[in-house]
Amino acid sequence: MCGIAGFFGPNAGAIVKQMTDIMTYRGPDDSGLYEGEGFAFGQRRLSIIDLSSGHQPIFNEDKSIILVCNGEIYNSPELRDELKSRGHGFATSTDVEVILHLYEEEGEKLFSRLRGMFGFALWDSRKQRLLLGRDHMGQKPLFFANANGCFAFASEVKCILTSGIVERKPDLEALWHYMSLRYIPDDRSLFEGVIKLQAGHYAIFEKGSVKVEQYWKLDTFKNKRTGTEQELTDELDAILLDSVKTHLLSDVPVGTFLSGGIDSSLITAMTAKLTGKPFHTFSIGVKEQDINELPWARMVSEQYGLIAREEIVEADIIHKIPEMIFHMDEPSDPFGVGVYLVSQVAAKDVKVVLSGDGGDENFAGYDRFAGQKLAGYYSIIPKCIRKHVFGKIFNMVPESFGYKSIASKLKWLNDMSFYTEGERYARSMSFLRFTDESKEALFTPEAMSKIANSDSVGKILHYFNSSTADELLDKMLYTDLMTRMPDHLLAISDRMSMAHSIEIRPPLIDYKVTEFAASLPCDMKLRGRDKGLKYLLRQVAARYMSRELIDRPKQGFGFPIARWLRTDLAVFLQKLFAESRFVELGIFNQAEIDRLVTEHISGKADHNFRLWILLNLEIWYRMCFEGASVADMQTFIDQRLK
């Protein structure tokens, strides 16, 4: 695990040094820099495999090929043996060196042989060609820019900006979609000219131009597995154990995140079975939360005799926002707070943790999957009755401003019933945030005129309506795996853990596991709400832990942000938006922001998701475009809290 950077152009060595210095937290153990003719490669290293000689950049035997890589190649032991048998010599014992020699054997076809999480850059001096690659599911980030006769790549956007080859300008189209989807779609970033290499893709930079190709597609949804429930449970059990085993490849101790939910508990239990010895588990409770899942986490750690690290922490979300934005290079997300805090705890004991990320997306663990079917049944009621009778009744239900409130659920059900499957699912993404229609009230006409593609719903339908899957559930899962997984969940997990020099490894999102999960019949994943979610995964989990833990209602990890924005943070919101940078820039309408704030504080409507985005954008702009530091923004916040 590390951070990588490279530059092609004048003064490359000094520029790459600046690029890597700004992300020291990604690799505090070592740094590497190589300067060639007109280019330079750099790396910050978190030493996990081959602690003594795994320095990067790494070269092949005749030094004609150079590599920097962020990540881990879990099947490197088998690949190393194979490549040695073909006559290749290895200079290190590090896992990523196999990439060099696979490239010599197979060129860009090497990706079909790799199992792991990675973002790498490989320079072939003979062909004068740069190859960039990103793992199948998008666990490791990689960005690049090709501008003004120069080319730069890096693990983080801030490094590209530090290189100076692109002007710092917000990408309004990316911003438009982010405000609906909660992630930045496709190959965009929030900065004009900075390109995100998408999951399962590689890029070739040659003779001044860039070509991007997709090397992996999730195509097993239609190849449904047959067999009894017992047989499928056995298969899933075996493939998950294999995934956990491969993810334990390390020369340093490995721990697990243990939230008390099914996914992290299963990964922890399987790790215990495979290792047969105590290891650290990390669990947090948050003072500001109404829910405490520590007793459930403790149930698993005690069952397997593990070393439980439990802490009750104070989130202090408002002051965490600048820290999270610094590491994200984009607005923070409430989901990221939990990852940030538990990584901070884990960093006291380990460098590597296994997580339960991916269970909900692969095996249908969100209640919204069941909710889509419910909306379909509800839509059978005549439209005029839903619109003029139930709609008015539901609008009369008072808003509690709580997590998944009854009022919010009823309004969602009624509003979504007017759309059919694909559009219903797509519009569900923006229901609590900004719909395309509500953005038209927020954005100024001048700003909207600069947005070429304003169809955020279409970003979802592109995947939902593809021929990859036939059934409704599979279409939703495929869409999530191609969008929210790489561009939201995994992006946040990577940045928030690396902020504390922690490597997260999620066995449930190994692409082999994903291919298997996609091939499962839909009724093996979803059988109604609550106990029917993640059905087959629950059957596997029952082999490792009590039914009491497995069958309890899903709780999630949330904060009372809606309430805070009406009380403790109300004055802060009003002061912040009175000096909105986005209004000053002519991007947002002041009147629409004021309406959202007024309605939320007065209790007329719950706009907490929308206000969270707007609040974060104001801090993000000051940090990324005006040069404010984390400390500057924390002072800024304190001054406006008074």
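Positive end of the charge dipole of the chain (Lys, Arg +1 and Asp, Glu -1 on Cβ, about the Cα centre): tell me which of 244, 391, 352 has its Cα farthest that way. So the residue furthest toward the plus end is 391. Heavy-atom accessible area for residue 421, with the other protein chains in place and a 1.4 Å probe, reaches approximately 90 Å².
Rounded to the nearest 10 square angstrom, residue 455 shows an accessible area of 80 square angstrom against a 1.4 Å probe.
Keeping all protein chains in place, calculate the accessible area per residue for the chain (probe 1.4 angstrom), answer in Å². Normalised by residue count, the accessible surface of the chain is 38 Å². Rolling a 1.4 Å probe over the protein heavy atoms of the chain, with every protein chain left in place, gives an accessible area that is 51 percent carbon and sulfur. Normalised by the number of residues in the chain, the mean separation of alpha-carbon contacts (under 8 Å, six or more apart) gives a relative contact order of 15 percent. For residue 409, the solvent-accessible surface computed with a 1.4 Å probe is close to 90 Å², ligands and nucleic acids excluded. Evaluated with a Cβ-only charge set (Lys, Arg +1; Asp, Glu -1), the chain carries a dipole of roughly 1400 debye about its Cα centre, given to the nearest 20. Figure note: 209, 497 ranked by solvent-accessible area, largest first, 1.4 Å probe, ligands and nucleic acids not counted: 209, 497.
Viscosity 1.306 mPa s, temperature 10 °C: Stokes-Einstein D of the chain from its Kirkwood Cα radius, in µm² per second? The calculation lands on 62 µm²/s.
The values are calculated or read from the model by the stated rules, or taken from the named source; none is laboratory data. Because the structure is predicted, anything quoted here is derived from the model rather than measured. Cβ: placed from backbone, ideal geometry, glycine included. Neighbour counts: every protein chain shown. Quick note on the areas: whole protein, heavy atoms, side chains included, nothing else; ligands and nucleic acids left out. Shrake-Rupley method; radii C 1.70, N 1.55, O 1.52, S 1.80 Å.
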